[in-house]
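Notes follow the structure.
Since every read-out is calculated from the coordinates, none of them should be taken as a lab result. Just so it is clear, the structure is predicted and the values come from calculations on it, not from any experiment. Ideal geometry is used to build each Cβ from the backbone, glycine not excepted, and the neighbour counts take in all protein chains shown.
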Amino acid sequence: HASGIGKAVLAHLEPQRVGAVLRRTGLERFTEKTLSDISALARDLVTIRLRGWSVDDEERHPGMRCVAAAIFNEFGEPIGGVSVSGPTVRVTPERLAEIGPLVRDAAAAVTKMIGGRTL
């Protein structure tokens, strides 16, 4: 819930699986920006699923930002991801619109190479 790949994967799981994962792991607050409210996280997961890529905006480590997208297996299940991380001074909010689609496309290429598919 507090990493780019973690959120990218969660966004593509069935809601009951997301609930099970969060009940098991909790919503630990790592930084002031960690989404530790289930409603806020749920809204973020909807955005991620629609957009195809996630952002960890200093949610795990202060001063770091990550953009990630899920990789899928042959059943359309998320099995991992591709991410780009860097300091917030380089991975700026303005650059997210540029980096996000590139990361999404890279994850889609890996998905295709391994015989995976998206639903």
> Ala11 is checked against (1) in contact (Cβ under 8 Å) with a residue 24 or more places away in the chain; (2) more than 12 Å from the chain's Cα centre (by Cα) and fails just one. What number does that condition carry?
Replying inline: (2)
>> Condition check: of a type in the set (Gly, Ala, Ser) and under 21 Å from Gly19 (Cα atoms). Does Gly63 satisfy that?
In response: no
>> Checking the condition farther than 17 Å from Leu10 by Cα, part of a loop (DSSP other than H, G, I, E, B) and more than 12 Å from the chain's Cα centre (by Cα), which residue from Gly76, Gly116, Gly86 passes?
In response: Gly116
>> As an exercise: evaluate Asp57 against (1) within 28 Å of Asp105 (Cα to Cα); (2) out of contact with any strand residue (DSSP E or B) (no Cβ under 9 Å at 6 or more places or on another chain); (3) of a type outside the set (S, T, N, Q) and give the number of the one condition it does not meet.
In response: (2)
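Residues are listed down the side, and each one gets a yes or a no for (1) farther than 22 Å from Thr118 by Cα; (2) part of a loop (DSSP other than H, G, I, E, B):
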| position | (1), (2) |
| --- | --- |
| Ala8 | no, no |
| Leu13 | no, yes |
| Val18 | no, no |
| Arg24 | yes, no |
| Thr31 | yes, yes |
| Ser36 | yes, yes |
| Ala42 | no, no |
| Arg49 | no, no |
>> Here is a list: Ser54, Ser36. Which entry is among the hydroxyl-bearing types (Ser, Thr, Tyr) and buried (at least 19 other Cβ atoms within 10 Å of the Cβ)?
In response: Ser54
>> Quick test for you: out of Glu94, Glu98, Glu74, pick the one residue that is surrounded by fewer than 18 Cβ atoms within 10 Å (Cβ to Cβ), at negative phi, charged (D, E, K, R) and in contact (Cβ under 8 Å) with a residue 12 or more places away in the chain.
In response: Glu74
